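These notes are about the structure you will find just below.
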Amino acid sequence: RPALWNPTTGERINIDVDLPGEVVPIDWWPDARAILVGHLYRGRDRLYRLELANGTLTEIPHPTGEIHGARVRPDGTVWLRVSSGDRASRVLDDRGEEVLPAPPGGVRVGAPYREWVFKNPAGDSIHGWVVTPDGPGPFPTYLKVHGGPSWLYLDTWWPDVQSLIDEGFAVAMVNYRGSIGYGRTFRDHIIGNIGFPEVEDVTSGLDDLIARGVADPERIVIGGWSWGGYITLLALGTHPDRFVAGVAGVPVGDYMASYDDSAPSLQAYDRSLVGGVVHDIPEFIAERSPITYVDRVKAPVLVLVGENDTRCVPAQVYAYVDALRNAGGDVEVYSYAEGHSSYVVATEIDEWGTVLEFLKRRVPRS
């Protein structure tokens, strides 16, 4: 929530804003009478002008989706960069005019996302997005699991989602418990209880899509990067009969080894997630670590490794790969020279080319 702080007196004034989800101050209007705030709730961003004198909120008109950046111009107009599931990023002003032309080339328009809500076994409402190809289902379905864990999937442009749609897959993105944008209680649910709630929510979403006739239960793929890769590997081991293939990018495969090789800042984050020092709770860590379940994995797995990754370090990823192979599992490895993400366009294109080629070989087509 926004607040005003006077650094010369130390006075702090909290600003009450009657909006659910997260509200973050972004910029000042030039006359300092109002601030631009961003509101994140249920996977979409909104912008407001907040009057400091009386707390009045006025919504800034813009297309729905994710706001990647916004600022107040010297003349008081607002410029923003926005994308949605079916439209790549554009730079607009608050009248909807495009103020910076998009660079030439590339796909700019795709299939739109549909908002999706279902119940998990605990009765919680879980929110996410689903995208389907043209024509009737059920479709082969790719469960795209977000990283973080304190992050979420927004109604935003993902080229990989559009690539999967072009290959005939439905794509489902579950904002599991632990995601931001749904309140503090929802976000903090996984503290001291990592892994299993996220897997439960993702598989509950799968059950819902099967019941709706969207997903073909015989052609389900799960995939994610970072914490999403961790959830992918954990789901493949704890629910081995649900998936025909898995894609784990820069995952946590061996939680204890990952902790030991992480930077101190990441170790502190791990302690905040698991509720203590991991070495003091080895049974719990083993229970929530994918490497514990390698002998149960049935689906072929593609693992992507960043050789200079300092977040999900490669040694523990290779330890998981070796353990899975020793248990008779079917695993392929793609490695690249950069870190947690390559940020090299050619490498990222090659990565997703490898993923699509893997899925073509591993997922039956109608």
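The values are calculated or read from the model by the stated rules, or taken from the named source; none is laboratory data. Just so it is clear, the model here is predicted, and its values are computed rather than measured. Please note: Cβ atoms are built from the backbone with ideal geometry, for glycine as well, and neighbour counts cover all protein chains shown. Heads up: the accessible areas ignore ligands, DNA and RNA and are worked out on the full protein's heavy atoms, side chains in. Shrake-Rupley method; radii C 1.70, N 1.55, O 1.52, S 1.80 Å.
Summary table
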{"item": "Tabulated pairs, the stretch 75-102, first farther than 16 Å from Pro159 by Cβ, second among the polar types (S, T, N, Q) and assigned to a strand (DSSP E or B), C-beta under 9 angstrom, 6+ apart or interchain", "result": "Arg81/Ser89; Val82/Ser89"}
{"item": "Any hit, the stretch 140-157, residues being in contact with a Pro (Cβ under 7 Å, 6 or more places away or on another chain) and hydrophobic (A, V, I, L, M, F, W, C)", "result": "no"}
{"item": "Residues (open to solvent by less than 20 Å² (accessible area, probe 1.4 Å) and hydrophobic (A, V, I, L, M, F, W, C)) located in the stretch 258-296", "result": "Leu273, Val274, Val278, Ile285, Val294"}
{"item": "Subset tally (residues that are open to solvent by 70 Å² or more (accessible area, probe 1.4 Å) and either touching a strand residue (DSSP E or B) at 6+ places or on another chain (Cβ under 9 Å) or part of a strand (DSSP E or B) (or both)) for the stretch 96-105", "result": "3"}
{"item": "Qualifying positions in the stretch 1-18 - of a type outside the set (Phe, Trp, Tyr), open to solvent by 30 Å² or more (accessible area, probe 1.4 Å) and within 33 Å of the chain's Cα centre (by Cα)", "result": "Arg1, Ala3, Leu4, Asn14, Asp16, Asp18"}
{"item": "Strands (runs of 3 or more DSSP E) lying entirely in the stretch 116-228 (those with 3 or more residues that are over 15 Å from the mean Cα position of the chain (by Cα) and in contact (Cβ under 8 Å) with a residue 60 or more places away in the chain)", "result": "139-145, 215-225"}
{"item": "Candidates Ser342, Ser366, filtered to the one that is hydroxyl-bearing (Ser, Thr, Tyr), closer than 21 Å to Ser163 by Cα, surrounded by 15 or more Cβ atoms within 10 Å (Cβ to Cβ) and modelled with pLDDT under 95", "result": "Ser342"}
{"item": "Matching residues, the stretch 105-141, being farther than 30 Å from Phe186 by Cα and of a type in the set (D, E, K, R)", "result": "Arg108, Asp134"}
{"item": "Matching residues, the stretch 241-256, being assigned to a helix (DSSP H, G or I) and either open to solvent by 30 Å² or more (accessible area, probe 1.4 Å) or under 30 Å from Phe139 (Cβ atoms) (or both)", "result": "Met256"}
{"item": "Residues within the stretch 106-115 that are open to solvent by 60 Å² or more (accessible area, probe 1.4 Å) and without any contact (Cβ under 8 Å) to a residue 60 or more places away in the chain, tallied", "result": "6"}
{"item": "Positions within the stretch 39-54 being closer than 21 Å to Gly183 by Cβ, of a type outside the set (A, V, I, L, M), open to solvent by less than 60 Å² (accessible area, probe 1.4 Å) and out of contact with any Lys or Arg (no Cβ under 7 Å at 6 or more places or on another chain), in sequence order", "result": "Gly43, Arg44, Asp45, Tyr48"}
{"item": "Lone unmet requirement of (1) of a type in the set (Phe, Trp, Tyr); (2) touching a helix residue (DSSP H, G or I) at 6+ places or on another chain (Cβ under 9 Å); (3) farther than 17 Å from Thr238 by Cα for Phe196", "result": "(3)"}
{"item": "Residue within the stretch 73-80 that is crowded, with 19+ Cβ neighbours inside 10 Å and touching an Asp or Glu at 6+ places or on another chain (Cβ under 8 Å) present", "result": "yes"}
{"item": "Matching option when the condition is at pLDDT 95 or above and either touching a Lys or Arg at 6+ places or on another chain (Cβ under 6 Å) or surrounded by fewer than 24 Cβ atoms within 10 Å (Cβ to Cβ) (or both), among Pro159, Pro138", "result": "Pro138"}
{"item": "Of all residues making up the stretch 315-366, the number that are more than 25 Å from Thr141 (Cα to Cα), among the aromatic types (Phe, Trp, Tyr) and either touching a Phe, Trp or Tyr at 6+ places or on another chain (Cβ under 8 Å) or without any contact (Cβ under 8 Å) to a residue 40 or more places away in the chain (or both)", "result": "3"}
